[in-house]
Amino acid sequence: MKPTRLLDRSVTPEGAPLTLHEHDGDFSIRVDGVELMSTRQHHSEERMAELACGDLRDRPAATVLIGGLGLGFTLRETLKHLAADATVVVAELVPAVIAWNRNPAYGLAADVIDDPRVEIVTGDVADLLEASRGRFDRIMLDVDNGASGLTAAANDGLYSPQGLGAARAALRPRGRLAVWSAGADPRFVARMEEAGFDVEVVKARTHPTSGSWNSIFLGTRA
């Protein structure tokens, strides 16, 4: 059996260990030993991008915000649905995650990060939302394990009534917010509706034909 290799380590904003691992050609990021994401299982992230941006290909100068770079799968899928004049802003809180993706030795997302449509912002996506009234056609949030903070407790604010209000304000009319979650969360659906979104919940597997079911919350600005 091939061993799992620790490639690099960092910390979350609250000081928890954040580590990058490789096993038999697959990569994973763990928070305090708990796997947060993996190159083995990413179908639901791609599905979120497809659901959020699948109708944007013919829209001139579409502007999209992705909260959380992860291992680049959401970004990669998003770019497939956008024209050459689109802009994709990716906000990533942890600089090490950006560095791991840029490292050509790992073969993660260096190619899509270098796409001329992409702008990488190192910082809190909540701050970007507050400063971006009416800027985005689509917003996708995949900054943690769902509508509560695992990587950083401060992420809870994104999913609060205030955070959802900021996301709604940052959208253009009939804009769409997509939120990835490891599981179902009826209370979060209610919060989205109270914040002024028409909500649809779509389930997607972590792998196209197997694996656990994740939830994608789609909110259209009402």
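Quick note: the coordinates plus some simple rules give every number you see, no bench work behind them. Bear in mind the structure is a predicted one, so any value in this text is a computation, not a measurement. Please note: Cβ atoms are built from the backbone with ideal geometry, for glycine as well, and neighbour counts cover all protein chains shown.
Below, the figures for the structure above:
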{"quantity": "Integer Hz, Karplus 6.51/-1.76/1.60 couplings in order for region 212-222, x for Gly and Pro", "calculated": "6, 9, 9, 10, 10, 9, 10, x, 9, 4, 6"}
{"quantity": "Relative contact order for the chain, counting Cα pairs under 8 Å that sit 6 or more residues apart, in percent", "calculated": "17"}
{"quantity": "Amide proton proximity set for Leu7, modelled H, under 5 Å, gap of 5+", "calculated": "Leu20, His21, Glu22"}
{"quantity": "Where N is the number of residues in the chain, Cα Rg divided by 2.2 N^0.38 Å", "calculated": "0.96"}
{"quantity": "In nm, spacing of pseudo-spin labels at His23 and Leu6 (7 Å Cα→C-beta vector)", "calculated": "1.5"}
{"quantity": "Order by protection proxy (mean Cβ within 10 Å, highest first), peptides 109-121, 165-177", "calculated": "165-177, 109-121"}
{"quantity": "Nitroxide proxy distance, nm - points 7 Å out along Cα→Cβ at Ala110 and Thr220", "calculated": "4.2"}
{"quantity": "Estimated 222 nm signal from helices in the chain, with DSSP H stretches of n ≥ 4 weighted -39500 (n - 2.57), rounded to 500", "calculated": "-7000 deg cm²/dmol"}
{"quantity": "Region 1-71 and region 159-214: distance between their alpha carbon centers, rounded to Å", "calculated": "18"}
{"quantity": "Magnitude of the charge dipole, the chain, Cβ model with Lys/Arg +1 and Asp/Glu -1, debye to 20", "calculated": "380"}
{"quantity": "Arg172-Glu200 pseudo-label distance in nm [points 7 Å out on the Cα-to-Cβ vector]", "calculated": "2.0"}
{"quantity": "Residues Glu50, Glu200, sorted so that the one with the fewest Cβ neighbours within 10 Å comes first", "calculated": "Glu200, Glu50"}
{"quantity": "For Met140, residues with placed amide H under 5 Å, excluding near neighbours", "calculated": "Leu65, Ile66, Gly67, Ala178"}
{"quantity": "Sparsely packed trypsin sites (Lys or Arg not before Pro) within region 1-97, loop by DSSP, other Cβ within 10 Å at most 14", "calculated": "Arg57"}
{"quantity": "Which of Leu7, Leu56, Leu158 has the fewest Cβ neighbours within 10 Å, and the rest in rising order", "calculated": "Leu7, Leu56, Leu158"}
{"quantity": "Phi to ³J(HN,Hα) by Karplus 6.51 cos²θ - 1.76 cosθ + 1.60 over region 182-199, Hz, x for Gly, Pro", "calculated": "5, x, 5, 7, x, 5, 5, 4, 4, 5, 4, 5, 5, 7, x, 10, 8, 10"}
